Structures are given as C-alpha cells and as structure tokens.
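Inspection log for the structure reproduced underneath, given as structure tokens.
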Amino acid sequence: MTDSAPATVVEFPKKPGKTISSHERIWGKPVLTHGYTALPSILIQAQSRLGITPLQFNILAQLLDYWRDPARAPFPSKADLANRIGCKPKTIQTNIRALEKAGLVTREMRRTAAGDWNSNVYHLTGLVERVQKLEPEFAEAKAKKREAREAQKRAETPKHRRGA
C-alpha cells in the first residue's frame, strides 16, 4: 500500500449572481416591469437652450415613452397625451404645433382602414438631430471639468507625492 495524499475536492466557481442595474436598485423591479423611457441627459439639461417649455418637455417625454422602435414613430392620440399629463387635448395640440414650428416634431396625419382620421404619427427626428448637435458642446464642457479637477488635484498634492 502506498501513502498518498487524500484527494482534494475542488469546487467549481459559482456563477456570479445577476447584477442588478442601478435603475432597478433605485426604482425596484416591480416598477421597472412596467417599462421605462430613455431620456438623454443632454435633452434634460438643454431644455431652455432648445426653447422647450416645461409642458412641451412633458409632451416630448410622453412621446418618447410611446416610441419603442426607431423604425416606428409614436402615434398616441391627443386625448391619451392629455390624460397622462392632466390637461386638455387642445393644449396638447397647441403645444405640439409649437414643437413642430420649432422643428423638433413633425406631425403626419393618419387614416384608419375605413378612411377615417386617426391619431397623428409624431416623428421626432428633429429633436434627435438637435440633441445630437449639442453633444460636442457637452463633451467639451465635460472635458474642461475633468481637466479642472485634475489641475485642482495636482495643486493640492505636494510635489514629492505626485506620480512621475
């Protein structure tokens, strides 16, 4: 009989648990199961630069909530938008007209199969393009803030403690 070391059992690494998104940590899974809408921070931060009133911003946020596929523009009724926001359909119509005049929204009239008028289709290409045009300014401002923070750190760190 030979002396051999007892067999060692090596456990397989455990699968990492599902990483919980920051949105889920903030809102909780039950809330997120009803969906959520992506609103670019540039749109939120540049609201006044885009000439958008708070009500118009809310209308745009509602339209973005309906827009789930880039190839299919949203088409909620004015009544649905008004009910969500808590105003009259005429208020929605007036503000969408202003957004259209500003080049942020384009309305397309739509008919049912029977030929009756249906809700409009709302194309948000103008909004997307305007926000995309602002991105370089936001990137430049972000870079300047980062440079200023780094300069501040260098100024606060004694020379003998700074890296090469």
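Mind listing just one residue for me: the one in the stretch 124-164 that is charged (D, E, K, R) and under 17 Å from the mean Cα position of the chain (by Cα) and, of those, farthest from residue 104 (Cα to Cα)?
Ranking the candidates gives 135 first.
Applying the condition of being of a type in the set (Gly, Ala, Ser) and over 30 Å from residue 124 (Cβ atoms) to the stretch 1-40 and asking which residue is modelled with the highest pLDDT yields 7. For the stretch 28-68, the set of residues classified as surrounded by fewer than 12 Cβ atoms within 10 Å (Cβ to Cβ) and more than 30 Å from residue 133 (Cα to Cα) consists of 28, 29, 30, 33, 34, listed by residue number.
In the stretch 69-79, how many are farther than 25 Å from residue 133 by Cα and out of contact with any Ser or Thr (no Cβ under 8 Å at 6 or more places or on another chain)?
Taking the stretch 69-79 first, the residues farther than 25 Å from residue 133 by Cα are 75-79.
Retained after the next criterion (residues that are out of contact with any Ser or Thr (no Cβ under 8 Å at 6 or more places or on another chain)): 79.
Summing the residues that are farther than 25 Å from residue 133 by Cα and out of contact with any Ser or Thr (no Cβ under 8 Å at 6 or more places or on another chain) in the stretch 69-79 gives 1.
Given the condition under 23 Å from residue 53 (Cβ atoms), basic (Lys, Arg) and in contact with a helix residue (DSSP H, G or I) (Cβ under 8 Å, 6 or more places away or on another chain), answer yes or no: does some residue in the stretch 102-123 qualify? Looking through the stretch 102-123, at least one residue is under 23 Å from residue 53 (Cβ atoms), basic (Lys, Arg) and in contact with a helix residue (DSSP H, G or I) (Cβ under 8 Å, 6 or more places away or on another chain).
Condition test on residue 145, is it more than 28 Å from residue 70 (Cα to Cα), free of Cβ contacts under 8 Å to residues at least 40 places away in the same chain and assigned to a helix (DSSP H, G or I)? For residue 145, the condition - more than 28 Å from residue 70 (Cα to Cα), free of Cβ contacts under 8 Å to residues at least 40 places away in the same chain and assigned to a helix (DSSP H, G or I) - is met. In the stretch 10-27, of all residues being closer than 19 Å to residue 65 by Cβ and not aromatic (Phe, Trp, Tyr), the one that is surrounded by the most Cβ atoms within 10 Å (Cβ to Cβ) corresponds to 24.
Among the residues of the stretch 34-53, write down those that are among the basic types (Lys, Arg) and free of Cβ contacts under 8 Å to residues at least 12 places away in the same chain.
Filtering the stretch 34-53 down to residues among the basic types (Lys, Arg) leaves 49.
Correct list: empty.
Just one residue in the set 49, 68 is closer than 30 Å to residue 110 by Cα and basic (Lys, Arg); that residue is 68.
When you scan the stretch 145-164, how many residues do you find that are farther than 17 Å from residue 41 by Cβ and surrounded by 10 or more Cβ atoms within 10 Å (Cβ to Cβ)? Spell out the reasoning first.
Filtering the stretch 145-164 down to residues farther than 17 Å from residue 41 by Cβ leaves 147-164.
Checking the rest, the ones that are also surrounded by 10 or more Cβ atoms within 10 Å (Cβ to Cβ) come to 147-154, 157.
Selection size over the stretch 145-164: 9.
Quick check: is even one residue across the stretch 30-45 over 14 Å from the mean Cα position of the chain (by Cα), of a type in the set (Ser, Thr, Tyr), under 30 Å from residue 102 (Cα atoms) and in a loop (DSSP other than H, G, I, E, B)? No; the residues of the stretch 30-45 include none that is over 14 Å from the mean Cα position of the chain (by Cα), of a type in the set (Ser, Thr, Tyr), under 30 Å from residue 102 (Cα atoms) and in a loop (DSSP other than H, G, I, E, B).
The values are calculated or read from the model by the stated rules, or taken from the named source; none is laboratory data. The shown structure was predicted, so the numbers you read here are calculated from the model rather than taken from an experiment. Note that we place each Cβ from the backbone using ideal geometry, even for glycine, and neighbour counts take in every protein chain shown.
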